[in-house]
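The block underneath contains the structure these notes are about, expressed in structure tokens.
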Amino acid sequence: MKTMLSGIQPTGDLHLGNYLGAIKNWVRLLDEYYGYFFIVDYHAITIPYDVASMQPRILDAAVEYLASGLDPSKCIIYVQSHVPAHTELTWILNSVTPIMELERMTQYKDKAEQHKENINAGLFTYPTLMAADILLYHPDAVPVGEDQVQHLELTRVLARKFNARYGEYFKEPKTLMSEAKRILGLDGKRKMSKSLNNHIPLKATAEQTEKLLLGAVTDPDRKRRSDPGNPDVCNIYSLHKLFTPAAEYEECAKQCRCAGIGCVDCKKILAKHMNAALTPVRERITAYAAKKDFVIDVLRDGAKKANEVANKTLREVKSLMGLIADWQ
Ligand code: ADP
Ligand code: TRP
């Protein structure tokens, strides 16, 4: 069976962008691919974080993975730092990573801009760790949102550079993007992100979801209820397309253009459909959160299996590089 691999940082509540742009796609692909899904804690420490919240966040992410439909019989779920080979291969890949390539990364530039007081080397070599995360498991595909495409291109560059220097070994994985590859935040401008605080948490209640949607930015030129709106520039409309039946969202668009309905009505319709789609996931979040021992077992078992695959790769890599002695 083909394999896929992906991960999310435990930097806060998973949100609708993570769910629609990544996890929902992972679950859909499980029919075709065996999955490696991990919680990316080593990447999360490259920006300032609250130490006491790290472990609860890792467990929350595992709960949300399971609740979203990642079935542990079809994939393994583990924590990045529980597999030491990730950091060991990172060092090796650092030695074939051109600094100029890292300097081009837009996520690095954005994060360096956001955290001017803490531009650390980890933030800079973040994409090399990501390449190691991936190449250790030889996946056929990596399903991610649009913001990660550049990192995957770099992963392929590093695989080629390694192969050119030490012999054909790594396979170049392909990028798989979901239909919802870039969900905008409630500000209607930037991508929805935990760190930008413009998100709808996956585990928000129906009431919280409606409240967040009511505060979301719509067509900026529609200032009064009586102004006709333009759905094509409205983020609420793009979300409608992901949750509302076509006939109903087309009617919303028509009524928006002639000021037949206001933004509040339109948002309430969206909230209804969004909540109907997310309620089962939220119920499963509550159920898994109450089964902490089960979740920990899933992560333990995942780490055991991941270590087996990753250690084998690392040994082969070191052997190709002349790093294994015959007495070792
Ligand atoms: P965040 O940006 O909120 O910190 P991560 O960087 O951990 O989230 O992203 C985890 C996964 O979710 C990645 O595959 C990423 O591409 C996807 N993702 C994150 N935000 C969005 C978004 N707004 N739209 C689509 N996909 C997204
Ligand atoms: N950098 C990714 C993000 O911010 C998370 C990530 C780390 C990842 N390692 C990965 C995603 C390997 C896919 C594959 O979203």
DSSP-defined antiparallel bridges as percent of all bridges, the chain, nearest 5: 10 percent
How big is the dipole moment of the chain about its Cα centre under a simple scheme where the beta carbon of each Lys and Arg is +1, that of each Asp and Glu is -1, and everything else is neutral? Debye, nearest 20, please. 340 debye
Report, in degrees rounded to the nearest 10, the 0 to 90 angle that the Cα long axis of helix 292-320 makes with the longest principal axis of the chain. 50 degrees
Cut-off under 5 Å, modelled amide H: who pairs with GLY35 long-range: MET4, CYS75, ILE76
Residue order for TRP327, TRP26 - accessible surface, 1.4 angstrom probe, largest first: TRP327, TRP26
Multiply the residue gap between GLU32 and ARG284 by 0.36 nm, knock off their C-alpha separation, and tell me the result in nm, one decimal place. 88.3 nm
Apply the Karplus curve 6.51 cos²θ - 1.76 cosθ + 1.60, θ = phi - 60°, to the phi angles in the range 104-117 and return the couplings in whole Hz, x for Gly and Pro. 7, 5, 5, 5, 4, 4, 5, 5, 5, 5, 6, 10, 4, 7
Report in % the part of the accessible area of the chain that belongs to carbon and sulfur, leaving out ligands and nucleic acids; probe 1.4 Å. 53 percent
With T = 25 °C, eta = 0.890 mPa s and Kirkwood Rh from C-alpha pairs, the Stokes-Einstein D of the chain in µm²/s is about 115 µm²/s
Given a 1.4 angstrom probe, what's the average accessible area per residue across the chain, in square angstrom? 48 Å²
Could you state the orientation-averaged shadow area of the convex hull built on the Cα atoms of the range 206-286, in nm² to one decimal? 5.0 nm²
Collect residues whose amide H, placed 1.01 Å from N in the peptide plane, falls under 5 Å from the amide H of LEU184; neighbours closer than 5 in sequence don't count. MET192
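The values are calculated or read from the model by the stated rules, or taken from the named source; none is laboratory data. Not measured: the values here are computed from a predicted model. A quick note on method: Cβ atoms are made from the backbone with ideal geometry, for glycine too, and the neighbour counts reach across all protein chains shown. These area figures cover heavy atoms from the full protein model, side chains too; ligands, DNA and RNA do not enter into them. Shrake-Rupley method; radii C 1.70, N 1.55, O 1.52, S 1.80 Å.
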